[in-house]
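Laboratory data are not the source of any read-out in this text; all were calculated from the coordinates shown. From a predicted model like this one, the values you see are computed outputs, not experimental measurements. Please note: Cβ atoms are built from the backbone with ideal geometry, for glycine as well, and neighbour counts cover all protein chains shown.
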Amino acid sequence: MSGTVRARFKAGVLELLETVNLADGDEVSITLIESSKNDVSKDRGMRDALEATAGSWKNLVDAEELKRNIYERS
C-alpha cells in the first residue's frame, strides 16, 4: 500500500484517521507533513472538483490527434 493517510498525534502516538490495508507486522516509511485543518478541507475541495469534472472532455478532443500535434511541435 502506498499513499497519503491523515493522522492525529495524541499522547505520543500517531492515530490514523483513515482505514489502511496493512497486515500485522507490515513495515512502512512515514513522512510527516504538518497541515492545518484548513489545508485538509482545501485538499478535499480540490479532489471533489476534479472528480466532478472527470470525463467532461470525453468526445470533445481527439486524444491521438492532440498527441501527434504535441510531438510534431517538439
Could you give me D for the chain, from Stokes-Einstein at 20 °C and 1.002 mPa s, where the hydrodynamic radius is the Kirkwood radius over C-alpha pairs? Units µm² s⁻¹, please. 128
Which residues qualify? For residue 7, with a placed amide H closer than 5 Å and at least 5 residues away or on another chain, they are 17
For segment 7-73, what is the charge dipole size about the Cα centre, in debye to the nearest 20, if Lys and Arg each add +1 at the Cβ and Asp and Glu each add -1 at the Cβ? 340
Under the helix-only model (-39500 (n - 2.57) for each DSSP H run of 4 or more, divided by the residues of the chain), the mean residue ellipticity at 222 nm, to 500 deg cm²/dmol, is -12000 deg cm²/dmol
Any chance you could give the angle, 0 to 90 degrees and rounded to 10, that helix 37-53 forms with the longest Cα principal axis of the chain? 30
Positive minus negative residues near residue 51 (Lys, Arg vs Asp, Glu; Cβ under 14 Å): 0
Taking 7 Å along the Cα-to-C-beta vector as the label spot, tell me the residue 15-residue 29 distance in nanometres, rounded to one decimal. 2.9
